[in-house]
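Structure first, then comments.
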Amino acid sequence: MSKQPTKQEAFEQQLADRLNAASLDKNNPSHIVPAKLSLDSKLRFRCHPGVSCFTACCGHINIILTPYDILRIRRYLGNLDADEFLLRFTTPTYLEKTDMPGVKLHLDEEGRCPFVTPEGCTIYPARPTTCRYYPVGMSYFHEGANEGAESEEFYFLVKEPHCKGHEEDKEWTIREWRIDQGIDESDEMNKEWMELVMRRKSFGLQASLSEQAKKMFFMASTNLDKFREFVFESSFLDIYEVDEETLAQIKEDDIALMKFSFKYLASSIFNTGELKMKDEKVKEAAERVKRQQQEKVKEAEKTYEELKALRDQMRAAQQERRKRAPDAGQG
Ligand code: SF4
Ligand code: SF4
């Protein structure tokens, strides 16, 4: 019988899982400090251009981009076209040990971030959520695998030997650190999308996700320009109920469109019902199925009638031959 992990072992395993999914060196998990931190826990750290390791952490990393990260960077780069941004700065990947496709920052030949220079990060005000978190990590502790099981948010500290920021004398609580780095805002923007990824992760790969659903998830998560075209230039609005106010918002406002895309993905992939199909469309679909059924029944009836008529003709012809046969014998 396999031994149940203790709470501490489960906690450490989740830290290791988190480490694999985050931007850290997975060959050396020892730099995670094995202590569960809360918002009020203290952190001694400061990163600034004067540290000897400045920008050392901007290479050989795995930075997954959330939809809000992509939007924020594109805006910072002068509303860069989504296709161009994806082609120039990203590489496709899978998210958080799932089969859900997304993108990560594309590193140059030396393994460096495309936005790093000796002077620092060229997109600092718009840097991705992962960069804001470092050296703090966040994860969830699940009490059990069952649905509805309690899940508790916790933090942990990453202390990599090359990072001299830990030797500085600035002290914060995790709460203060989050505010200073703009993490609260990023997390709020990404929340519903992260929930989709986590939900998929908790389902496990045994629950299959169609290729079509994966493509839709990728498109909506990475390319808002294409998602907008999909909403306004396909039969989308004939099928889904979207009120006038929402329509006006998502036409003009990228954040509103992004939030709307999360609702669409939740409804279409996990059937959450957040986006309703038009009643008449549901009725139309039911009518169409009924009509198709009736047509098939009619076709079957017609075929049967034709076969019956053929069979009757053959029988009549056979009887006729039998009638004539005795006459032929008397000739
Ligand atoms: S986006 Fe900026 S902070 Fe993040 S890895 Fe690149 S250069 Fe460093
Ligand atoms: S102090 Fe740490 S976070 Fe700041 S540049 Fe150095 S390695 Fe990166």
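The values are calculated or read from the model by the stated rules, or taken from the named source; none is laboratory data. Keep in mind the model is a prediction, meaning the values are calculated, not measured. All Cβ positions, even for glycine, are placed from backbone atoms using ideal geometry, and neighbour counts span all protein chains on display.
Side notes on the structure shown:
Okay, residues lined up against (1) in contact with a Leu (Cβ under 9 Å, 6 or more places away or on another chain); (2) among the β-branched types (Val, Ile, Thr); (3) modelled with pLDDT of 95 or more; (4) farther than 16 Å from Gly59 by Cβ:
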position: Pro114; (1), (2), (3), (4): yes, no, yes, no
position: Ile123; (1), (2), (3), (4): yes, yes, yes, no
position: Tyr140; (1), (2), (3), (4): no, no, no, yes
position: Asn146; (1), (2), (3), (4): no, no, no, yes
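- The sole residue among Glu245, Glu280, Glu306 that is in a helix (DSSP H, G or I), out of contact with any helix residue (DSSP H, G or I) (no Cβ under 9 Å at 6 or more places or on another chain) and modelled with pLDDT of 90 or more is Glu245.
- Pro118, sole failed condition from (1) within 28 Å of Leu265 (Cβ to Cβ); (2) within 16 Å of ligand 1 (Cβ to nearest atom); (3) not hydroxyl-bearing (Ser, Thr, Tyr): (1)
- Residue ID - surrounded by the fewest Cβ atoms within 10 Å (Cβ to Cβ), chosen from residues in the range 194-248 that are within 20 Å of Glu96 (Cα to Cα) and charged (D, E, K, R): Glu211
- Under the condition of being under 16 Å from Tyr124 (Cα atoms) and within 16 Å of ligand 2 (Cβ to nearest atom), the residues counted in the range 51-76 number 7.
- Neighbours by Cβ (under 7 Å, 6+ apart or cross-chain): first from the range 216-240, of a type in the set (A, V, I, L, M); second not in a helix (DSSP H, G or I): Ile239/Met277; Ile239/Lys278
- Among the residues making up the range 83-119, those that are over 17 Å from Trp193 (Cα atoms) and surrounded by 15 or more Cβ atoms within 10 Å (Cβ to Cβ) are Phe85, Leu86, Phe89, Thr90, Leu105, His106, Leu107, Arg112, Cys113, Phe115, Val116.
- Residue, nearest to the chain's Cα centre (by Cα), within the range 13-60, restricted to residues that are within 16 Å of ligand 1 (Cβ to nearest atom) and at pLDDT below 55: Ala22
- Within the range 93-128, the set of residues being outside any strand (DSSP E or B) and of a type in the set (A, V, I, L, M, F, W, C) comprises Leu95, Met100, Leu107, Cys113, Phe115, Ile123, Ala126.
- Here the condition is being at pLDDT 95 or above and of a type in the set (Asp, Glu); of Glu153, Glu171, it holds for Glu171 alone.
- Scan of the range 129-142 for residues that are in contact with a strand residue (DSSP E or B) (Cβ under 6 Å, 6 or more places away or on another chain) and assigned to a loop (DSSP other than H, G, I, E, B), ordered by number: Pro135
- Residue match in the range 52-61 (condition: out of contact with any Phe, Trp or Tyr (no Cβ under 6 Å at 6 or more places or on another chain) and not in a loop (DSSP other than H, G, I, E, B)): yes
- Arg74 vs. criteria at pLDDT 95 or above, over 28 Å from Phe217 (Cβ atoms), in contact with a Leu (Cβ under 7 Å, 6 or more places away or on another chain) and not aromatic (Phe, Trp, Tyr): no
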